[in-house]
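Visitor: So that we are looking at the same thing, I have put the structure below in structure tokens.
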Amino acid sequence: MRFDRRRRIEGDSWTARKEASYLKRHVREARRIQRDIPLFADQFTPAPSLDVAEERARRERAAQHGDQEMRDLCAKHWRNARTAYFACPAGMRAEIADEWRRWRGPATGAYFAYVVEKHNGVGEARSMHHARREALIRTRIIEQLNAQQTLVLA
């Protein structure tokens, strides 16, 4: 099956401009506190800043962690979509494979799941479930509006 490879991040690009902005952060926060709540400005002090190297390492770890979480999520989508695909009968799998070969959109697990669910009926069942749920919500809202109108008119 074709799929678009997910690029790995190279890391957070720490520039001199980012560093200067980080070093001036506590000054900006103090000004904002003074501007927004001048009577209580002395009670609020900006949070202490980390060392530049620590902040840089923290951002790098956060970027790596976020990238890994997204990669895991994409892999989960692929695994679920492939499980659904292989649960289909052979004829339906051939139709799905043909449509996936002709698919012009992004080749990601979420789109593959869309193609699979379009053929195996799960997508239609989900749409019908949401339509029923929306209809229930609409009737409940209309009932509440009617009840409020009777309170106003009484």
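The values are calculated or read from the model by the stated rules, or taken from the named source; none is laboratory data. Remember, it's a predicted structure, so these values are computed and weren't measured experimentally. We place every Cβ from the backbone using ideal geometry, glycine too, and count neighbours over all the protein chains shown. Only protein heavy atoms, including side chains, enter the accessible area calculation; ligands, DNA and RNA are left aside. Shrake-Rupley method; radii C 1.70, N 1.55, O 1.52, S 1.80 Å.
Visitor: Roughly how many Å² is the accessible area per residue of the chain, as a whole number, for a 1.4 Å probe?
Guide: Accessible surface, normalised per residue, equals 79 Å².
Visitor: Which percent of the accessible heavy-atom area of segment 71-139 goes to carbon and sulfur, probe 1.4 angstrom?
Guide: Reported share for carbon and sulfur atoms: 57 percent.
Visitor: Given the convex hull over the Cα atoms of the chain, what projected area results after averaging over all orientations, in nm²?
Guide: Averaging across all directions leaves 18.4 nm² for the Cα convex hull.
Visitor: Another question, if that's okay. Mind listing P(r) for segment 1-78? All alpha-carbon pairs, 10 Å bins, whole percents.
Guide: For segment 1-78, the pair-distance distribution reads 15, 29, 24, 19, 10, 2, 0.
Visitor: Something else: Counting just the Cα atoms, what span does segment 70-154 cover along each of its three principal axes? Round to the nearest Å and put the largest first.
Guide: Result, largest extent first: 64, 32, 23 Å.
Visitor: Using the Kyte-Doolittle scale, which helices in the chain average at least -0.5 and also have C-alpha atoms spread 27 Å or more along the helix axis, with helices defined as whole DSSP H runs?
Guide: Span-like helices, by this rule, are 122-153.
Visitor: While we're looking at this one, here's another question. Do any trypsin sites (Lys or Arg not before Pro) in segment 85-141 lie in a DSSP loop with no more than 14 other beta carbon atoms within 10 Å, and if so, which?
Guide: The qualifying sites are R104.
Visitor: Compute the relative contact order of the chain as a whole-number percentage, counting only Cα pairs closer than 8 Å that sit 6 or more residues apart in sequence.
Guide: So the answer I get is 24 percent.
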